[in-house]
Structures are given as C-alpha cells and as structure tokens.
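The values are calculated or read from the model by the stated rules, or taken from the named source; none is laboratory data. What you see is a predicted model, and the numbers here were worked out from it, not measured in a lab. A quick note on method: Cβ atoms are made from the backbone with ideal geometry, for glycine too, and the neighbour counts reach across all protein chains shown. Accessible surface areas use protein heavy atoms only, side chains included; no ligands, DNA or RNA. Shrake-Rupley method; radii C 1.70, N 1.55, O 1.52, S 1.80 Å.
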Amino acid sequence: MFEPDLETDEALIDVAIETESAAENEAAAQLLERLDLERLVNSTLRAVQVEQAVTLTLAISGDSAIQALNREYRGQDKPTDVLSFPLLDEPLVQVRADWLWQVPEGTEDVEQASDESVGYAAPVFVTPAELRTNLGDIMISWPTTRRQAEEAGHSMADELLFLLCHGILHLVGYDDQTEAGYTEMVRLQKAILAGFEVEG
C-alpha cells in the first residue's frame, strides 16, 4: 500500500492545464515551470499557521470553463480570475469570524431545513493521519490573468502568483465577502509575495 512521505512539509500540487488553445496551454506550461509553486503554497500556509502536510489541485483554464463554473456555483454568468473549491468541512485557520467563509445570504434557512429533513447531520470527512490533507481545487483563467496583468502593468508571473496565493487563502478558510475579510486577504497576499522572485 502506498504511503506518502510526510517527513517533509512540502505541499504537493497537482497541476492541470486546459485552456482554449494549444498555444495558451504551452505558454501556461512554460510559465508554471519557471514558478516555484510549492514554495508559494508553503509560504502561504506558514503565514497563516497551517502546519500539516497538504495537497491541492491547480487548474489553469480558459474563460469559458471558468465562466461556466462561476455561473453554476456563484450565480455570476461571466469569466472571473480565480475560483476556489475547498474540500474542508471547516476552516483550518483560527482568525476573526468576519475573515472566514461566509454563508451566502438567504441560504441559512435552506441549509437548516435540508439538514432537518433528512434527520441527521452530514458526516464530517476526516483525513487519516497517514495521508496529506487535501485542501481542494483552485481554477485560474489564463486569459483573465493575462488581461489583468496588462491592465495592472505587471508580469503574468506576478498576477498568477497573486491569484494562486488568493486561492490558497480561500482553501484554508479565508473569505473576501466582507470588507474586513477582503482587506485581510489583500494584506496577507502582499506580505507573502513581497520579495518573491520568479526564476528565469
């Protein structure tokens, strides 16, 4: 039976690239090869005191794929830069409540009613001690990243790292649906990325 090496705190990142053209796939692959994604994940986790061994998936997509998910899960029928899909039942970080995942308005009663209708609480998934904690999935749109980098006047690498850092913070529990949460996430992203150099 396979047992992962948990002696190292290095995060494991599964990367998938499926944009809308072979040229964009190649450009994304070349950029990702130059970036130390594991270092960014580990730096982000250390900054928010998450110490367990983790794994996550990063998907680089086109605008149409991310728009479909944005429409389905957020009710916004437009492309966005980054979407995060946490697999955790509760945040890993211990911070102010208004910095954490927020329940969308109008869903509190629906969730409570659905729990009561089945007569039991949904089971909580517990990661066995010998496995890494799977934080979930992050999807980043390659064309939106490019547009935002051009508008901001910085590199694709800088924009991609900023979005990845943002996605990781969402996976561990942070939310930007409140002004306080948004402000804290931006502060953390800037602090984590300060001095983070891109190879090549």
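Annotations
- Put a dot 7 Å past the Cα of Asp77, heading toward its Cβ, do the same for Glu20, and the two dots end up 1.7 nm apart.
- Going by accessible surface with a 1.4 Å probe and the largest first, Phe196, Phe85 read Phe85, Phe196.
- Comparing Cα centroids, region 172-191 and region 47-89 end up 16 angstrom apart.
- Rounded to 0.05, the FRET efficiency of the Ser155 and Asp89 pair, given R0 = 41 Å and the Cβ-Cβ distance, is 0.65.
- Ordered by 1.4 Å accessible area with all protein chains kept, Glu38, Glu159 run largest first as Glu38, Glu159.
- Largest to smallest in accessible area, the residues Thr57, Thr145 fall in the order Thr57, Thr145 (1.4 Å probe, all protein chains included).
- DSSP-assigned coil residues among trypsin sites (Lys or Arg not before Pro) in region 60-97, each with at most 14 further Cβ atoms within 10 Å: Arg96
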